[in-house]
1. In the range 21-36, which residues are exposed (fewer than 12 other Cβ atoms within 10 Å of the Cβ) and assigned to a helix (DSSP H, G or I)?
2. Just give me the residues in the range 6-20 being more than 14 Å from residue 60 (Cβ to Cβ), more than 13 Å from the chain's Cα centre (by Cα) and either at pLDDT below 95 or crowded, with 16+ Cβ neighbours inside 10 Å (or both), in sequence order.
3. Give the residue that is farthest from the chain's Cα centre (by Cα), with candidates limited to residues of the range 59-75 that are assigned to a helix (DSSP H, G or I) and surrounded by 14 or more Cβ atoms within 10 Å (Cβ to Cβ).
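The values are calculated or read from the model by the stated rules, or taken from the named source; none is laboratory data. Just so we're clear, the structure is a prediction, and the values are computed from it rather than from any experiment. Here the Cβ is made from the backbone with ideal geometry for all residues, glycine too, and neighbour counts use every protein chain on show.
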C-alpha cells in the first residue's frame, strides 16, 4: 500500500503524542511531579511542532480510524492525569493561602 508522506507523518505525530501522554499518565499516577512537568513541556513542544507541520493530508478510512483511536486515548490519558493532579493542586493552593495569611498576620503585627 502506497501511503502519502503527509498521512504517514500525521499518524506518527499522533502516535508520538499518545506515547508522551501515556508517560505523563504514569508519572501522575506515581506522583512524580517533576517528571510530569518535564513531560508536559515536551508534549507542549510536540503539539506546537504538529501545528506548524500540519499538512492537511487527506486520510483514508483506516488512517482516520487510527487517528480517532489515538485522539480518544490522548483524551482518556488527559482525564486520568487530571484525576491524579487535581488533589495535589488543591493541596498546593491551600498551602499558598496559609502562607499568604501568615504573611498578612506578620505584617499586621509588625506595623508594616
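1. 34 - this is the single residue of the range 21-36 that is exposed (fewer than 12 other Cβ atoms within 10 Å of the Cβ) and assigned to a helix (DSSP H, G or I).
2. Selection gives 9, 12, 13, 14.
3. Only one residue fits best here, namely 63.
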